[in-house]
């Protein structure tokens, strides 16, 4: 009979197997801690070669969490995936789609609801962390606001998924000066955005405990 492992034991064994399978990732330890957790979230070893970091991404994200700057997500799934760990850090987290005026603004402007939600929250985004795991249109709207002169978020986790403009939107994100975590190609999703943010929260917790 197979021994029953505790959740922490399962996680540690998963990390051990990821380490054994991905030996030559070439990432600094802090970046690898983020990517390894992303791989663990979706069981996709290819992510080791797909994730991209702005040079200041980790420092900016960890500092923002330590300062309890707000976090905004594009989906409730990302919100659900990070709320427990962020609660321990006393970091406020909000799903942009929960704004009741987003649907009306989307109809008025001819936008997707995700894009309208970003536009509606524009005044609150500078200095925050914005985690996008689903909608390329949300990321495009955020990039448009930056191009128009909006002060940047502390960090953009831009991981929209799909075959229509997801890869292109992420490529556009990699060209901006704002700190970001993103990836190459159509892969992405709410689970990846949540896991990246949780990895940053763990780094923040470790720094605060020193």
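Laboratory data are not the source of any read-out in this text; all were calculated from the coordinates shown. The structure presented is a predicted model; accordingly, all values stated were derived computationally and were not measured. Neighbour counts are summed over all protein chains in view; Cβ atoms, including those assigned to glycine, are modelled from backbone coordinates with ideal geometry.
Here are the numbers:
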quantity: Residues 159, 146, 173, sorted so that the one with the fewest Cβ neighbours within 10 Å comes first; calculated: 146, 173, 159
quantity: Net length gained if the chain between residue 122 and residue 21 were fully extended (0.36 nm per residue, minus Cα distance); calculated: 32.2 nm
quantity: Where labels lie 7 Å past Cα in the beta-carbon direction, separation of residue 87 and residue 108 in nm; calculated: 3.4 nm
quantity: Where N is the number of residues in the chain, Cα Rg divided by 2.2 N^0.38 Å; calculated: 1.01
quantity: Using a Förster distance of 25 Å, the FRET efficiency for residue 98-residue 8 (Cβ separation, nearest 0.05); calculated: 0.20
quantity: Separation of the residue 144 and residue 80 label points, Cα + 7 Å toward Cβ, nm; calculated: 3.0 nm
quantity: Separation in nanometres of the label points that stand 7 Å from Cα toward Cβ, at residue 175 and residue 151; calculated: 2.7 nm
quantity: Region 167-210 versus region 6-85: alpha-carbon centroid distance in Å; calculated: 8 Å
quantity: Neighbour-count order for 38, 77, fewest beta carbons within 10 angstrom listed first; calculated: 77, 38
quantity: Among beta bridges that DSSP assigns inside the chain, antiparallel share in %, nearest 5; calculated: 20 percent
quantity: Packing-based exposure ordering (other Cβ within 10 Å, fewest first) of 165, 98; calculated: 98, 165
